[in-house]
1. At 20 °C and 1.002 mPa s, grab the translational diffusion coefficient of the chain from Stokes-Einstein with a Kirkwood Rh over Cα pairs, rounded to a whole number in µm² per second.
2. Between Asn39 and Arg8, what is the FRET efficiency for a Förster distance of 25 Å, r being their Cβ-Cβ separation, to the nearest 0.05?
3. Given Leu128, Gln113, Gly141, which one lies farthest toward the positive end of the charge dipole of the stretch 93-155, if we put +1 on the Cβ of every Lys and Arg and -1 on the Cβ of every Asp and Glu?
4. With charges only on Cβ, +1 for K and R and -1 for D and E, what is the dipole size of the chain about its Cα centre, in debye, rounded to 20?
5. Quick check on the stretch 1-45: take the gyration tensor over C-alpha atoms, sort the square-rooted eigenvalues as a ≥ b ≥ c, and tell me if it's rounded (a/c under 1.5), prolate or oblate.
6. For helix 111-123, what angle does its Cα long axis make with the longest principal axis of the chain, in degrees from 0 to 90 and rounded to 10?
7. Which of rounded, prolate, oblate describes the stretch 53-125, given a ≥ b ≥ c as roots of the alpha-carbon gyration tensor eigenvalues and a/c under 1.5 marking rounded, otherwise prolate only if a/b is larger than b/c?
8. For the stretch 90-164, what is the accessible area per residue in Å², given a 1.4 Å probe and the full set of protein chains?
Amino acid sequence: LRHFQWMRDAGVDGVMLQRFTSELRDPAFFEWRNQLADNVRAGAETYGRVFNIMYDISGQNETNLVADLQSDWRYLVNTLHITSSSRYLRHKGQPVVTLWGLGFTDRPGTPAQAQELLQWFKAAGVTLMGGVPTNWRTLTGDSKTGAAWAGVYRSFDILSPWSVGRYSSDAG
C-alpha cells in the first residue's frame with residue numbers, strides 16, 4: 001500500500017506487475033506471485049492507480065511456454081479475478097496483458113508458439129503489448145532472425161522495444 005501511496009503522491013499512474021513464467025510451476029513462487037498480485041491490486045484500488053500483468057518469459061522452459069502462460073492467465077482471471085478490478089489497465093475496454101521476451105535471441109519460443117499465444121490471448125479478449133527486441137524491425141542484433149518473427153511482432157497491438165543500455169548519449 002505504501003508504494004502505491006508514494007506513486008499517487010508522485011503522480012505515477014500505475015505499474016506493470018511482472019510474473020516470471022519460469023517460476024510458476026514452483027508452488028512456493030506461485031503462491032508468492034499470487035500474494036503479490038493481491039497486494040498490487042489492493043494498492044491500486046486504494047490509491048487510484050492502475051496495474052496490469054506483464055509476463056516475462058526469461059528462463060522459461062520452451063516445452064511448457066504456451067501451456068504455462070495459458071494456465072496462469074486462466075487462474076488469474078477465473079480464480080483471482082484480477083481483471084475484475086476497476087483499476088486493471090484497459091485499452092478500448094479490453095484488459096492489457098504484456099508478453100515480454102518473445103523474439104529475443106536469448107529467450108525461448110518459436111514463431112509458431114508466439115503466434116499460438118497471441119491468437120489465444122486475443123481470443124480471450126485482451127489487448128496485447130509485446131516487450132520486443134530493439135531490432136524487431138530488421139530482425140538483427142538482439143532479435144531472432146527468422147522471417148516469421150516479423151509477423152509475430154506485427155501481431156501485437158502495442159510494441160515496447162527493449163532499448164535499455166542501447167544509447168550512451170542524447171544524440172543516440
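1. Details: Rh = 16.9 Å.
Diffusion coefficient, whole number: 127 µm²/s.
2. Working: r = 16 Å, r/R0 = 0.63.
Taking R0 as 25 Å, the efficiency between Asn39 and Arg8 is 0.95.
3. It is Leu128, whose Cα lies furthest towards the positive end.
4. It comes to approximately 420 debye.
5. On the way: a/c = 3.90, a/b = 2.41, b/c = 1.62.
Prolate, since a/c reaches 1.5 and a/b exceeds b/c.
6. 30
7. Numbers: a/c = 2.01, a/b = 1.80, b/c = 1.11.
Judged from the Cα gyration tensor, the stretch 53-125 comes out prolate (a/c at least 1.5, a/b above b/c).
8. On the way: 3320 Å² over 75 residues.
Using a 1.4 Å probe on heavy atoms only, each residue of the stretch 90-164 averages 44 Å².
The values are calculated or read from the model by the stated rules, or taken from the named source; none is laboratory data. As the structure is a prediction and not an experimental result, all values here were calculated from the model. Because the Cβ atoms are built from the backbone with ideal geometry, glycine has one as well, and the counts that use them run over all protein chains shown. When the accessible area is computed, the model is the full protein with side chains, heavy atoms only, and any ligands, DNA or RNA have been set aside. Shrake-Rupley method; radii C 1.70, N 1.55, O 1.52, S 1.80 Å.
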